[in-house]
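Single-structure report; data block below.
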Amino acid sequence: MTNPTQLSPPAIGALKLSLASELPPHGAADLLAVCVYADGADLGGAPAAARDALASSLPDVTPDFTGEEGETLDALVADAGGGARRLLLVGAGERDEDPDASFANLRRAAAAAVRHARGTRAARLAFVMPGSDDAPRAARAAAEGACHGFYENDFYQGREDEDDDERPRLAEFRLICAAAAAGDESERVRAEVERGRVVAESANWARTLADLPGASLPPREFARRAAEMASEFGLKIETLPAEEIRARGMGGLWGVGQGSDEPPALIVVRYEPEGANDSDELLAFVGKGITFDTGGISIKPAAHMEEMKSDMAGGAAALGALRALAQLKPPCHVVAIVPAAENMPSGKAIKPGDVVRTLAGYTIEVVDTDAEGRLVLVDGLAYARELGATRIVDLATLTGSVIVALGDHRAGLFGNDDEWAARVTRAARRAGEPVWRMPVSDDYRKQIESDIADFKNYGGRPDATAAALLLSKFAGPVPWVHLDIAATAWLEEPTAYSPAGATGTGVRTLVELALAADAGGAAADI
Ligand code: BES
Ligand code: MN
Ligand code: ZN
């Protein structure tokens with residue numbers, strides 16, 4: 001019997017990306033997008049002929065356009081050949097000296113162009129590349145932005161039998177890029193566009209999961225979707241069911257899951273290429289997988305509780321990264337570990353004051369059942385170590401405290417190893433998902449010291465720091481970074497480049513990190 005509250009959304013189609021070194025002939029694109037920065041339109045990445053063709057029509061439409069980020073203007077303009085073209089000006093904001101920031105601008109501009117084209121039902125969108133010192137990376141940023149901009153989370157809108165709208169839907173995105181013309185660089189451009197597509201589609205895959213309602217994604221469904229993805233891309237997967245979690249002594253994960261009718265699961269996905277550079281190295285991504293966080297017995301207030309359907313965004317990002325790596329094939333071993341549970345109050349639920357024994361052997365006093373993320377993560381971290389992880393990154397929508405500290409624009413980064421923290425910071429910056437380092441220090445130990453157990457799970461402010469300190473005890477000597485993505489995983493209001501809801505953050509950073517490690521590690525990825 002299907003449960004009518006457990007809706008399965010239709011699969012999202014992908015945007016078809018293509019590359020061209022010339023403007024599409026009349027009639028071959030419905031809309032031609034041009035980036036406009038605060039200092040004017042930029043056709044610098046386009047072939048000379050395209051620049052000439054467009055240069056004459058731009059002055060007619062640019063005067064009223066400030067180039068502010070996210071601004072769009074759709075206009076029919078006469079072109080030199082006597083015909084007309086539909087141009088789309090896309091605001092790309094202020095110029096930035098920093099290349100990563102300028103790629104971020106471009107990523108957002110491409111996304112805004114796609115969202116605009118979607119709204120106007122143009123089927124074929126062409127996008128003229130602005131100038132860049134690094135055309136391949138710029139092309140990747142535009143491809144990523146286009147795929148991100150194509151994402152929608154209106155899965156449940158409109159009755160299927162009412163879909164008689166015949167207007168065209170956006171299906172194609174063509175990058176107009178001079179560097180795509182023959183030559184060595186054109187191969188790099190092609191490869192980077194493909195990488196951008198793979199990474200952004202994987203981030204969208206993760207986003208879908210985080211946007212799904214709690215009823216539609218309990219731990220077993222999360223595991224089923226991970227298995228479906230793993231088989232599509234040739235990854236190994238093993239999911240430990242509830243009995244196994246209990247039998248192995250994962251008291252943190254078991255304890256959080258015990259109040260729910262939906263059993264917890266530990267999802268483990270492996271990417272193990274043959275001929276890895278160093279098969280003793282194992283990179284582990286551990287992601288918080290709370291499929292819904294009510295707070296448990298320490299129940300949350302009602303306001304915004306619905307957003308807690310995305311409390312598995314870290315887990316989805318870890319799995320999404322493997323989805324991308326399986327296609328990009330770096331020569332290193334990577335495992336994603338997702339402790340998944342639903343945090344519910346009930347007669348069986350864990351209570352404040354209860355003590356759990358974790359996989360690592362340490363006991364934790366559960367002072368607040370709403371500080372559940374750290375309880376499942378410590379078992380995920382211990383499991384990563386059992387599997388032989390030599391480097392760890394965990395991602396978690398862990399604390400409201402990090403939102404207070406950093407707001408939406410930076411995730412909190414905590415770590416026990418400066419070199420590893422610096423590498424993750426660089427990867428995040430290159431990926432356009434910037435982080436800000438915060439302390440892990442025993443100065444804060446009072447907050448995790450319990451009178452009756454080895455640790456407690458809550459001890460007042462600053463909580464993001466205390467949570468990280470607790471996690472560090474379970475990472476032990478293994479180089480480990482914790483990313484608190486509570487603020488960056490969810491967008492409260494829609495923007496020109498994204499609907500409100502899950503952002504898919506983390507996927508691009510993790511992929512960048514794994515690919516940089518393959519390029520030789522610390523020295524190579526500066
Ligand atoms: N999942 C939440 C953290 C969170 C809050 C993520 C808002 C995204 C948006 C976490 O499990 C939680 O409930 N944290 C509490 C802990 C506290 C009660 C000890 C918090 O930060 O308020
Ligand atoms: Mn919570
Ligand atoms: Zn939570």
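The values are calculated or read from the model by the stated rules, or taken from the named source; none is laboratory data. Since we're looking at a predicted model, the values are computed, not measured. Because the Cβ atoms are built from the backbone with ideal geometry, glycine has one as well, and the counts that use them run over all protein chains shown. With ligands, DNA and RNA removed, areas are computed over all heavy atoms of the protein, side chains included. Shrake-Rupley method; radii C 1.70, N 1.55, O 1.52, S 1.80 Å.
Table: residues versus (1) open to solvent by 30 Å² or more (accessible area, probe 1.4 Å); (2) over 24 Å from Leu406 (Cα atoms); (3) touching a strand residue (DSSP E or B) at 6+ places or on another chain (Cβ under 7 Å).
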residue	(1), (2), (3)
Arg437	yes, no, yes
Arg445	yes, no, no
Ile448	no, no, yes
Tyr458	yes, no, no
Leu469	no, no, no
Val478	no, yes, yes
Leu483	no, no, yes
Ala486	no, no, no
Ala502	no, no, yes
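Working carefully through the options Thr399, Thr390, find the one that is open to solvent by 20 Å² or more (accessible area, probe 1.4 Å) and either within 15 Å of ligand 2 (Cβ to nearest atom) or in contact with a strand residue (DSSP E or B) (Cβ under 6 Å, 6 or more places away or on another chain) (or both). Before the answer, list the steps.
Working: Thr399 fails: open to solvent by 20 Å² or more (accessible area, probe 1.4 Å).
Of Thr399, Thr390, the one residue that is open to solvent by 20 Å² or more (accessible area, probe 1.4 Å) and either within 15 Å of ligand 2 (Cβ to nearest atom) or in contact with a strand residue (DSSP E or B) (Cβ under 6 Å, 6 or more places away or on another chain) (or both) is Thr390.
Quick check, is Ile290 within 13 Å of ligand 1 (Cβ to nearest atom), open to solvent by 40 Å² or more (accessible area, probe 1.4 Å) and at pLDDT 95 or above?
Against the criterion (within 13 Å of ligand 1 (Cβ to nearest atom), open to solvent by 40 Å² or more (accessible area, probe 1.4 Å) and at pLDDT 95 or above), Ile290 does not qualify.
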Fill in the blank from the handout: For region 401-433, the count of residues that are closer than 20 Å to Ala316 by Cβ and out of contact with any Pro (no Cβ under 8 Å at 6 or more places or on another chain) equals 10
Completion exercise
Restricted to region 324-348 and to residues being farther than 30 Å from Val198 by Cα and surrounded by fewer than 21 Cβ atoms within 10 Å (Cβ to Cβ), the residue farthest from ligand 1 (Cβ to nearest atom) is Gly347
Exercise for the section: Can you confirm whether region 141-158 contains a residue that is at pLDDT below 95, on the phi > 0 side of the Ramachandran plot and either touching a Cys at 6+ places or on another chain (Cβ under 8 Å) or surrounded by fewer than 24 Cβ atoms within 10 Å (Cβ to Cβ) (or both)? Expected result: yes
Practice task
For region 369-409, enumerate the residues that are more than 15 Å from ligand 1 (Cβ to nearest atom) and outside any helix (DSSP H, G or I).
Solution key: Leu387, Gly388, Ala389, Thr390, Arg391, Ile392, Val393
Practice task
Can you work out which of the residues in region 297-337 that are of a type in the set (Asp, Glu) and in contact (Cβ under 8 Å) with a residue 40 or more places away in the chain is nearest to Trp205 (Cα to Cα)?
Solution key: Asp311
Exercise for the section: Return the residue satisfying two criteria in turn: it lies in region 207-261 and is touching a Phe, Trp or Tyr at 6+ places or on another chain (Cβ under 7 Å) and of a type in the set (D, E, K, R), and of such residues it is surrounded by the most Cβ atoms within 10 Å (Cβ to Cβ). Expected result: Arg207
